[in-house]
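The values are calculated or read from the model by the stated rules, or taken from the named source; none is laboratory data. None of the values given here were measured: they were computed from a predicted structure. Because the Cβ atoms are built from the backbone with ideal geometry, glycine has one as well, and the counts that use them run over all protein chains shown. These accessible areas exclude ligands, DNA and RNA; they are computed on the full protein's heavy atoms, side chains included. Shrake-Rupley method; radii C 1.70, N 1.55, O 1.52, S 1.80 Å.
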Amino acid sequence: SAPRGSGAMTCNLPLEQVGGAPILDPTQSAELQSRLAAFQQQLEADPKSMEALNGLTQLYLSHGVPEQAFEWSKKALEVDPKNLDARTYRAVLTAMMGMLDGAMAALDQVLAEDPKQQKALVYKGLILLELGRHAAAVPVLETALAQAPENPMLRAKLEEAKAGPGAVPPGGGAPPAGGGEL
């Protein structure tokens with residue numbers, strides 16, 4: 001599949017507001033600084049803590065700093081190259097670099113090992129949406145939402161997938177022509 005637009009996933013990450021003005025450097029947000037300190041303490045106690053390494057990767061991803069996320073992802077995979085969360089985050093970073101086919105292949109490998117791996121399901125669904133493959137995204141996002149029914153973002157993305165071109169009509173049934181599957 002060909003990447004959409006400029007060749008990279010679009011990322012509309014909200015930046016934290018301070019007094020109504022956006023923070024121009026997301027690494028200076030209070031949330032990031034607090035969580036960063038906690039993860040650093042974890043790493044001081046256990047330099048191979050996958051919870052901390054994956055947490056730092058996710059933290060920088062969620063704050064729109066993929067370069068730092070990549071560095072922590074690299075460290076996590078050096079410690080445990082089979083860790084499903086670390087491999088999922090690497091797939092997300094791969095997608096952000098515009099290599100959507102590689103990202104999808106990596107997520108499919110994770111899901112082959114654990115078909116209910118929450119993060120891989122969520123990101124696969126989001127990438128499918130990014131590719132405009134709404135019908136293919138629906139069952140993936142439904143599976144992810146079944147594991148986290150209280151997640152409003154997942155619910156919204158599922159509704160987006162259902163409403164998109166080639167989506168599964170309400171009540172099920174086959175998607176209209178052109179709604180290909182993986």
Scope region 109-125; condition closer than 19 Å to Leu154 by Cα and surrounded by fewer than 23 Cβ atoms within 10 Å (Cβ to Cβ); matching residues: Leu111, Pro115, Lys116, Gln117, Gln118, Lys119
Region 12-38, subset under 24 Å from Lys74 (Cα atoms), surrounded by 11 or more Cβ atoms within 10 Å (Cβ to Cβ) and within 20 Å of the chain's Cα centre (by Cα), residue modelled with the lowest pLDDT: Pro26
Ala105: more than 12 Å from the chain's Cα centre (by Cα), in a helix (DSSP H, G or I) and surrounded by fewer than 19 Cβ atoms within 10 Å (Cβ to Cβ), yes or no? yes
Can you spot a residue in region 111-119 that is farther than 30 Å from Gln33 by Cβ, within 12 Å of the chain's Cα centre (by Cα) and among the hydrophobic types (A, V, I, L, M, F, W, C)? no
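Let's see how each residue does on (1) under 25 Å from Asp80 (Cα atoms); (2) in contact with a Leu (Cβ under 6 Å, 6 or more places away or on another chain); (3) at pLDDT 95 or above:
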| site | (1), (2), (3) |
| --- | --- |
| Met104 | yes, no, yes |
| Asp108 | yes, no, yes |
| Gln117 | yes, yes, yes |
| Leu121 | yes, no, yes |
| His134 | no, no, yes |
| Glu142 | no, no, yes |
Residues satisfying the stated conditions in region 28-76, i.e. under 18 Å from Met96 (Cα atoms), aliphatic (A, V, I, L, M) and in a helix (DSSP H, G or I): Leu56, Leu59, Leu61, Ala69
Sort through Gly55, Gly102, Gly64 and tell me the only one that's at positive phi and among the small types (Gly, Ala, Ser). Gly64
Scanning for something at pLDDT below 95, open to solvent by 20 Å² or more (accessible area, probe 1.4 Å) and either of a type in the set (Ser, Thr, Tyr) or within 24 Å of Ala37 (Cα to Cα) (or both), does region 73-93 turn up at least one residue? no
